[in-house]
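Here the structure is laid out as structure tokens; the discussion comes afterwards.
No value in this document is a laboratory result; all are computed from the given coordinates. Here the structure is a predicted model, which is why all the values come from computation and not from measurement.
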Amino acid sequence: MPNAKMRISPIVASFMIGLALVYDTLKFLLSFILMGWVVAIWSFLTFWFWFTYLGVSFMKPGKMRGAKIASLSVPAIIGILPFISALPGETLGVTTTIGIASAEDLTKGITPEVAQALGSGLKQFKGGGIGH
């Protein structure tokens with residue numbers, strides 16, 4: 001969909017991933033003195049508010065609500081655990097949430113009729129019906 005309105009621009013996504021890398025580095029350094037949980041809570045709240053500000057809702061009923069909640073909450077929970085918090089969970093969670101939001105934005109305009117037409121075209125392609 002060339003005219004799809006993206007909630008998260010590539011520049012903002014780059015800043016979000018960069019900040020997640022900074023938080024992961026801080027968690028790694030502070031995990032040796034068992035203080036990584038402070039950064040985990042702070043980063044969770046930062047990204048929760050940032051995604052909400054950009055229009056990525058975690059509480060509205062929708063197709064990907066559970067995946068968005070899990071992609072941001074699981075790294076925060078892992079970040080609280082000692083020594084495991086040294087893993088780059090925030091970066092993975094933020095990147096996953098950005099991907100989910102982008103997929104939602106790209107598929108927003110696809111109606112069931114369009115999806116069915118795409119599916120039938122794929123069946124013809126797989127069956128050798130196109131080009132033979």
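Observations on the structure shown:
- Proximal aspartates and glutamates relative to Lys68, as straight alpha-carbon distance under 20 Å, when same-chain residues fewer than 8 apart are discounted: Asp24, Glu90, Glu104, Asp105
- Residue by residue, the range 8-21 carries 3J(HN,Hα) couplings of 10, 6, x, 5, 5, 4, 5, 5, 5, 5, x, 5, 4, 5 Hz when phi is fed to the Karplus relation 6.51 cos²θ - 1.76 cosθ + 1.60 (θ = phi - 60°); x denotes Gly or Pro.
- By the Kirkwood approach, averaging reciprocal distances over each pair of separate Cα atoms, the range 10-126 gets a hydrodynamic radius of 15.6 Å.
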